[in-house]
Amino acid sequence: MPFALPGFFRTLGADLDFSSAFLYVAADDSADLASILAGTYDFTTVGAINGTIVVATEEGTYSAGISLDATTTYDLYSQGVSNSHNGFMDTPVGYAIFPSPLSDGEIAQAEAHFVAEGAAPKSAFGSVTNFTDGWRNCRTIATFPLIDTSSADSFFRTWNSCESLISFPELDSSSVTSYRQAWQNCSSLTSFPLLNTSSGTNFNSTWRDCTSLTSFPLINTSSGSNLTAAWQSCTSLSSFPLIDTSAATTLNRTWSTCSSLTSFPAINASLSTDFFQTWNGCVSLTSFPLIDVSLGQRFSFTWQKCTNLTTFPAGFFDSWSPASLISQVFNLTWDGCTSLTAQSVENILTSLDTSGVYGTNTGASGGTQLSDSTIDIDYDGTTLSGATTTAIASLKLKDWAISINSVIQ
């Protein structure tokens, strides 16, 4: 439903003329607003647009950069307001899309125009506590404005799948506890601001699939207990800062498939029990630091397919003392790690032996043997040391099985 009807647009003052807009819908266009609310309002571009969208709702009004492809049909509901129909901005008052960027003054005029028609002002965002789904699937927003989020406690999926978003402002997130999936699949973001994330506890999938991020700031994650898949598949990250993971109880898939990481910091993982696929597919890592994994109950696939990993540190499992173990605790843990040296294999197995942990459900002698207690390691195939052979024999007496290059020892 493209618009080019004479008289449909309105002039606001001497500076901003809505007749210059590609598309304009306002409160008195009730039939169109009903279509928007029903999710059936479509419009088709003529040429490509890299301009400004003004979105006015009864919950707040804002303007953002927008990028639309030529001769493409879009659903207006998803251009600035989540098309999930679950977001807090669910009552549109008006929209305007301008083919070129507006100045700050023009933006202020446009927002004031819609406020006069019944929309809430931008300042209304300052009282919102739950931004869940606010801009989820708004796939054409390219830049996001600095709005007041000082009362926010949840960013659950707020900008999830904003695939065209190339920059993000330093919003006030000091009270936010849940960042679950907040920027997941924002695949055009190349950098991220140093937000105040000190209250954050849930970072599940927060930046997952942000495939263009090349670096990441030293944010405060000291309260983060759930870091599941937080940076999974951030395939362009080449380095990572020494963030505070001292409160994390799970690192399940946290950096899985971060295929460009060339190094990794010595994080504090002393409370984490789950290391399922944590660094799986980090194919650019060549060495790994000595970190505290003493409470780990599951290491399945943890370093699987780290094909260039040559060096694994000595003493890594010396203090390992989990409260209990689950079956397949070391299933395919170092599978596909074909660059690991014989010395690294020695380091792994002698350290596991030093820990004194048995392949049982309690990790102690006399517990029920795990149905799968195999320790899976692939390496470069060079001659293994006598110390490795001794450790294998000792581990077998502790109810473990050892598979090296797919051969049970």
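Tabulated data
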read-out	value
D_trans [Stokes-Einstein, Kirkwood Rh over alpha-carbon pairs] for the stretch 337-384, 25 °C, 0.890 mPa s, µm² s⁻¹	204 µm²/s
Proximal charge balance of Tyr74 [Cβ under 11 Å; K/R count +1, D/E count -1]	-2
Spacing of the two label points (7 Å from each Cα toward its C-beta) at Leu242 and Ser127, in nm	4.6 nm
Point-charge dipole on Cβ atoms (K/R +1, D/E -1) for the chain, about Cα centre, debye to 20	1120 debye
Computed helical MRE - 222 nm, the chain, DSSP H runs ≥ 4 contributing -39500 (n - 2.57), nearest 500	-3500 deg cm²/dmol
5 angstrom amide H check on Ile326, placed H, neighbours 5+ away	none
Taking N as its residue count, the alpha carbon Rg of the stretch 127-249 over 2.2 N^0.38 Å	0.95
HN-Hα J in Hz across the stretch 281-290 - Karplus 6.51, -1.76, 1.60, θ = phi - 60°, x for Gly and Pro	x, 7, 6, 9, 5, 10, 8, 9, x, 8
Sorted peptide list for 89-96, 67-74, 338-345, 235-242, criterion being average Cβ within 10 angstrom, highest first	89-96, 338-345, 235-242, 67-74
Cα extents of the stretch 188-261 along the three principal axes, largest first (Å)	27, 24, 18
Options Gly134, Asn361, Leu397, ranked by Cα towards positive dipole end of the chain, top entry (Cβ charges)	Leu397
Label selected from [x] 29, 62, 10, 0; [y] 26, 41, 24, 9, 0; [z] 23, 56, 20, 1, the criterion being P(r) over Cα pairs in 20 Å bins from 0, in percent as computed here	[y]
Cα radius of gyration and Dmax for the stretch 41-82 (Å)	10.8, 31
For the stretch 218-261, radius of gyration divided by Kirkwood radius, i.e. Rg to Rh on alpha-carbons	0.97
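Each value in this text was obtained by applying a stated rule to the coordinates, not by laboratory testing. For clarity, every value in this text was computed on a predicted model and none was experimentally measured. Heads up, the Cβs are rebuilt from the backbone with ideal geometry, glycines too, and the neighbour counts pull from every protein chain shown.
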